[in-house]
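A short worksheet on the structure shown next.
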Amino acid sequence: MNQIVPRDLDVDLATLPRHWMANNATATAIANGVNLLFPHGERFFVRSVNQFRDQIDDPALRAAIKGFFGQEGRHAHAHDELNATLRTQGFEVDQFLDHYRRLSSWLEAHTPPKLSLAVTAAAEHFTAILAEGAFSLNMLDQAAPAMRQLLAWHAAEEIEHRAVAFDVLQAIDPSYALRIAGLIYATIVLGGFWLWGALMLLRQEPGGVLGARRDLGRVPRRQPIVRRVFLRGIRQYLARDFHPSHNTTDRLASEWMAARGMSLPGAITEAA
Ligand SMILES: [Fe+2]
Ligand SMILES: [Fe+2]
């Protein structure tokens, strides 16, 4: 297993252009739609794993869990700042965020802890596939520099910790049915809130929802990231012998960054 270490990113979003993705309103709304979900979603991932932390004896997995918590906590914080930036750009996001937090908190309160863990394992697979696509499909090259920096850091760490929740789930309950129940649940909830968030943002653009398809057609080298994430991710996850390490993406982020003269911030060592 990779060493999983948190890193602090110092990035200034104050001058981020409103249409930071490919200079395009629709592509930005799609990207912002999932970005909006991260702070509350990643704190849920941490809670759902933390409920089982004391039942994990393997020292390597315990260390990985600690690194995973450190990374996700920082991602949530960075995406809180991005959400604040969307407000200063004039987007009304708080009504949506309030609905999202309330609905997902209600769901969490009514979901058995093992199923929440299975949902997190599946959602982490989706974020790892999304991260892989961000690098390998050169999506990040179309983002404004500050967002390229933020998302490259986030994506690199998603790839790094992609197996943690999955390994905790396997240690707690290796049932295939539970894993697939988590996949179905995560697909519906993540897909539903992402779509809702993106439509909510598009309604605040001059072209609205109806102009979105035409607007998206103007993006050069458009990549079907949503289809790739959901269809490829689901197909992989359905394989009985699937493990996140089967996706050999360990060097993807460092190679992508090196080719662009970028690097990750230094690792932070934290007390146990
Ligand atoms: Fe994250
Ligand atoms: Fe993650």
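The values are calculated or read from the model by the stated rules, or taken from the named source; none is laboratory data. Model, not experiment: these values are computed from the prediction. Cβ atoms come from the backbone with ideal geometry, glycine included; neighbour counts cover every protein chain shown. These accessible areas exclude ligands, DNA and RNA; they are computed on the full protein's heavy atoms, side chains included. Shrake-Rupley method; radii C 1.70, N 1.55, O 1.52, S 1.80 Å.
Below, the figures for the structure above:
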{"quantity": "Environment charge of PHE44, counting only residues whose C-beta is closer than 11 Å and scoring Lys/Arg +1, Asp/Glu -1", "calculated": "0"}
{"quantity": "Of TRP194, TRP106, TRP153, the one that fluctuates the most in a GNM where the chain has Cα springs shorter than 10 Å", "calculated": "TRP106"}
{"quantity": "Folded to 0 to 90 degrees: helix 145-160 orientation relative to the chain principal axis, Cα", "calculated": "20"}
{"quantity": "Diffusion coefficient, µm² s⁻¹, Stokes-Einstein with Kirkwood Rh over alpha-carbon pairs of the stretch 117-161 at 4 °C and 1.567 mPa s", "calculated": "121"}
{"quantity": "For the stretch 128-227, accessible area per residue (1.4 Å probe, heavy atoms of protein chains only), Å²", "calculated": "43"}
{"quantity": "Rg/Rh for the chain, where both radii come from Cα atoms and Rh is the Kirkwood radius", "calculated": "0.94"}
{"quantity": "Nearest 10 degrees, 0 to 90: helix 25-35 Cα axis against the chain principal axis", "calculated": "20"}
{"quantity": "More than 17 angstrom apart: percent of Cα pairs within the stretch 91-173", "calculated": "61"}
{"quantity": "Relative contact order computed over the chain (Cα-Cα under 8 Å; 6+ residues apart), in percent", "calculated": "34"}
{"quantity": "Value of D in µm² per second that Stokes-Einstein yields for the stretch 115-272, Kirkwood Rh from Cα pairs, at 20 °C (1.002 mPa s)", "calculated": "124"}
{"quantity": "Stokes-Einstein diffusion coefficient of the stretch 33-174, Kirkwood radius over Cα pairs, 25 °C, 0.890 mPa s, in µm²/s", "calculated": "154"}
{"quantity": "For the stretch 1-90, alpha-carbon Rg relative to the globular expectation (2.2 N^0.38 Å, N residues)", "calculated": "1.33"}
{"quantity": "Nearest 10 degrees, 0 to 90: helix 176-202 Cα axis against the chain principal axis", "calculated": "20"}
{"quantity": "Apportionment of accessible area to carbon and sulfur, the chain, percent (1.4 Å)", "calculated": "56"}
